[in-house]
Amino acid sequence: GTQRLPTSPRPLRNIRHRPHPTTNSRNGNLLPASITTTRPQTTWSLDSGGFTELNMYGKWETTPTSYITDIHRYTQEIGQLDWAAPQDWMCEPQVLKKTGKTIQEHQKLTVENWITLKNLAPDLPIIPALQGWEPNDYLRHRDLYATYGIDLTQQPTVGMGTFCRRASLRPVHK
(Lines give C-alpha, C1' and ligand atoms only; values in the text may rest on other atoms or scores of the structure.)
Protein backbone atom coordinates (compact mmCIF):
# COMPACT_ATOMS: atom_id res chain seq x y z
CA GLY A 1 0.00 0.00 0.00
CA THR A 2 1.00 3.59 -0.35
CA GLN A 3 0.43 6.77 1.52
CA ARG A 4 1.56 10.31 0.98
CA LEU A 5 4.15 11.26 3.56
CA PRO A 6 3.30 14.06 5.97
CA THR A 7 4.60 17.51 5.05
CA SER A 8 6.62 17.68 8.24
CA PRO A 9 8.53 14.80 9.82
CA ARG A 10 6.18 12.93 12.16
CA PRO A 11 6.31 9.46 13.65
CA LEU A 12 5.22 6.66 11.35
CA ARG A 13 2.15 6.01 13.49
CA ASN A 14 0.57 8.84 11.51
CA ILE A 15 1.04 7.01 8.23
CA ARG A 16 -1.69 4.47 7.55
CA HIS A 17 -1.41 1.41 5.38
CA ARG A 18 -4.04 1.40 2.65
CA PRO A 19 -4.26 -1.34 0.05
CA HIS A 20 -3.80 -0.15 -3.51
CA PRO A 21 -4.55 -2.30 -6.54
CA THR A 22 -1.38 -3.36 -8.29
CA THR A 23 -0.36 -5.27 -11.34
CA ASN A 24 2.67 -7.45 -10.78
CA SER A 25 5.08 -7.78 -13.68
CA ARG A 26 7.61 -10.00 -11.96
CA ASN A 27 5.68 -12.57 -9.97
CA GLY A 28 5.47 -15.17 -12.72
CA ASN A 29 2.80 -13.01 -14.35
CA LEU A 30 4.81 -11.45 -17.13
CA LEU A 31 2.63 -9.85 -19.72
CA PRO A 32 2.79 -11.52 -23.12
CA ALA A 33 4.76 -10.04 -26.01
CA SER A 34 1.60 -8.49 -27.38
CA ILE A 35 -1.13 -7.17 -25.12
CA THR A 36 -4.66 -7.35 -26.45
CA THR A 37 -6.79 -6.12 -23.62
CA THR A 38 -9.43 -3.51 -23.03
CA ARG A 39 -8.01 -0.28 -21.74
CA PRO A 40 -8.52 0.06 -17.99
CA GLN A 41 -11.38 2.21 -16.75
CA THR A 42 -9.21 3.59 -13.97
CA THR A 43 -5.56 4.12 -13.18
CA TRP A 44 -3.46 1.21 -11.98
CA SER A 45 -0.09 0.70 -10.30
CA LEU A 46 2.79 -1.57 -11.19
CA ASP A 47 4.61 -3.58 -8.55
CA SER A 48 8.14 -4.66 -9.44
CA GLY A 49 7.71 -8.16 -8.03
CA GLY A 50 10.78 -7.71 -5.89
CA PHE A 51 9.75 -10.11 -3.15
CA THR A 52 9.54 -12.95 -5.64
CA GLU A 53 12.72 -12.07 -7.52
CA LEU A 54 14.81 -11.55 -4.38
CA ASN A 55 13.34 -14.61 -2.71
CA MET A 56 14.10 -16.76 -5.75
CA TYR A 57 17.54 -15.46 -6.72
CA GLY A 58 18.86 -13.50 -3.74
CA LYS A 59 19.39 -10.51 -6.05
CA TRP A 60 17.72 -8.62 -8.84
CA GLU A 61 18.08 -10.55 -12.10
CA THR A 62 16.05 -7.95 -14.00
CA THR A 63 18.26 -4.98 -14.87
CA PRO A 64 17.00 -1.44 -14.35
CA THR A 65 17.14 -0.88 -18.12
CA SER A 66 14.98 -3.94 -18.76
CA TYR A 67 12.49 -2.86 -16.08
CA ILE A 68 12.27 0.62 -17.64
CA THR A 69 11.66 -0.96 -21.06
CA ASP A 70 8.81 -3.00 -19.55
CA ILE A 71 7.27 0.04 -17.87
CA HIS A 72 7.38 2.03 -21.12
CA ARG A 73 5.75 -0.89 -22.93
CA TYR A 74 2.97 -1.27 -20.34
CA THR A 75 2.37 2.48 -20.41
CA GLN A 76 1.98 2.43 -24.19
CA GLU A 77 0.01 -0.79 -24.52
CA ILE A 78 -2.19 -0.64 -21.41
CA GLY A 79 -2.26 3.05 -20.55
CA GLN A 80 -3.39 4.89 -17.41
CA LEU A 81 -0.39 3.90 -15.27
CA ASP A 82 -0.67 5.86 -12.03
CA TRP A 83 2.72 4.83 -10.67
CA ALA A 84 5.33 2.10 -10.78
CA ALA A 85 7.27 0.80 -7.80
CA PRO A 86 11.06 0.85 -7.93
CA GLN A 87 13.04 -2.37 -7.85
CA ASP A 88 13.11 -2.12 -4.09
CA TRP A 89 14.74 -4.53 -1.68
CA MET A 90 12.23 -6.03 0.77
CA CYS A 91 13.17 -6.52 4.41
CA GLU A 92 11.28 -9.67 5.40
CA PRO A 93 13.59 -11.95 7.42
CA GLN A 94 13.39 -14.68 4.78
CA VAL A 95 14.48 -12.24 2.05
CA LEU A 96 17.35 -10.91 4.18
CA LYS A 97 18.48 -14.49 4.73
CA LYS A 98 18.32 -15.19 0.99
CA THR A 99 20.30 -12.05 0.02
CA GLY A 100 22.73 -12.24 2.93
CA LYS A 101 22.37 -8.49 3.40
CA THR A 102 21.19 -6.29 6.25
CA ILE A 103 18.14 -4.03 6.41
CA GLN A 104 20.44 -1.04 6.05
CA GLU A 105 22.01 -2.50 2.90
CA HIS A 106 18.56 -3.19 1.45
CA GLN A 107 17.51 0.37 2.21
CA LYS A 108 20.61 1.81 0.52
CA LEU A 109 20.08 -0.40 -2.53
CA THR A 110 16.43 0.70 -2.70
CA VAL A 111 17.35 4.40 -2.70
CA GLU A 112 20.09 3.88 -5.27
CA ASN A 113 17.77 1.90 -7.52
CA TRP A 114 15.11 4.61 -7.42
CA ILE A 115 17.71 7.23 -8.36
CA THR A 116 18.94 5.00 -11.21
CA LEU A 117 15.41 4.44 -12.52
CA LYS A 118 14.54 8.16 -12.35
CA ASN A 119 17.77 9.01 -14.20
CA LEU A 120 17.00 6.42 -16.89
CA ALA A 121 13.38 7.51 -17.31
CA PRO A 122 12.48 10.83 -15.69
CA ASP A 123 9.23 10.77 -17.68
CA LEU A 124 7.89 7.68 -15.88
CA PRO A 125 5.94 7.89 -12.60
CA ILE A 126 8.30 5.70 -10.59
CA ILE A 127 7.79 6.30 -6.89
CA PRO A 128 10.30 6.04 -4.06
CA ALA A 129 9.62 3.31 -1.51
CA LEU A 130 10.42 2.95 2.15
CA GLN A 131 11.51 -0.45 3.41
CA GLY A 132 12.08 -1.76 6.91
CA TRP A 133 10.85 -4.20 9.51
CA GLU A 134 10.56 -2.24 12.76
CA PRO A 135 9.06 1.28 12.92
CA ASN A 136 12.48 2.90 13.39
CA ASP A 137 13.73 1.16 10.24
CA TYR A 138 11.24 3.16 8.17
CA LEU A 139 12.24 6.41 9.86
CA ARG A 140 15.91 5.62 9.21
CA HIS A 141 15.10 4.88 5.56
CA ARG A 142 13.27 8.21 5.23
CA ASP A 143 16.36 9.91 6.64
CA LEU A 144 18.61 8.00 4.23
CA TYR A 145 16.69 9.46 1.27
CA ALA A 146 17.36 12.90 2.74
CA THR A 147 21.13 12.24 2.82
CA TYR A 148 20.87 11.75 -0.96
CA GLY A 149 19.13 15.14 -1.23
CA ILE A 150 15.67 13.61 -1.71
CA ASP A 151 12.82 15.20 0.23
CA LEU A 152 10.11 12.56 0.29
CA THR A 153 7.51 15.12 1.33
CA GLN A 154 7.88 16.61 -2.16
CA GLN A 155 6.99 13.32 -3.89
CA PRO A 156 3.34 12.83 -4.94
CA THR A 157 3.36 9.22 -3.71
CA VAL A 158 5.73 7.19 -1.55
CA GLY A 159 5.46 3.41 -1.28
CA MET A 160 5.67 1.59 2.03
CA GLY A 161 7.09 -1.88 1.64
CA THR A 162 7.45 -5.09 3.61
CA PHE A 163 3.83 -5.24 4.77
CA CYS A 164 2.29 -8.06 2.75
CA ARG A 165 3.73 -11.07 4.55
CA ARG A 166 3.33 -9.87 8.12
CA ALA A 167 1.03 -11.68 10.49
CA SER A 168 0.03 -8.28 11.87
CA LEU A 169 0.64 -4.61 11.11
CA ARG A 170 0.41 -3.76 14.82
CA PRO A 171 4.22 -3.36 15.32
CA VAL A 172 4.41 -0.86 12.44
CA HIS A 173 1.51 1.25 13.72
CA LYS A 174 3.32 2.08 16.98
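The values are calculated or read from the model by the stated rules, or taken from the named source; none is laboratory data. If you're wondering where the values come from, they're calculated on a predicted model, not measured in any experiment. In this analysis, Cβ positions are derived from the backbone assuming ideal geometry, glycine residues included, and neighbour counts consider all displayed protein chains. For the accessible areas, the whole protein counts, side chains as well, though only heavy atoms, and no ligand, DNA or RNA atoms are used. Shrake-Rupley method; radii C 1.70, N 1.55, O 1.52, S 1.80 Å.
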> To the nearest 10 square angstrom, how much accessible area does Trp60 have with a 1.4 angstrom probe?
Replying inline: 40 Å²
> Once the convex hull of the C-alpha atoms of region 85-153 is built, how many Å³ does it hold per residue, rounded to a whole number?
Replying inline: 83 Å³
> Taking amide hydrogens as modeled 1.01 Å from N in the peptide plane, which residues meet the under 5 Å criterion relative to Ala129, leaving out close sequence neighbours?
Replying inline: Gly159
> In nanometres, what is the gap between the two model label sites at Tyr148 and Thr102, each 7 Å from Cα along Cα-to-Cβ?
Replying inline: 1.8 nm
>> Given bins 5 angstrom wide, list per bin the percent of all Cα-Cα distances in region 31-118, short to long.
In response: 3, 14, 22, 22, 16, 12, 8, 4, 1
> Bin by bin, in steps of 10 Å, what percent of the Cα pairs in region 41-174 do you find, going until the bin that has the longest distance?
Replying inline: 12, 43, 35, 9, 0
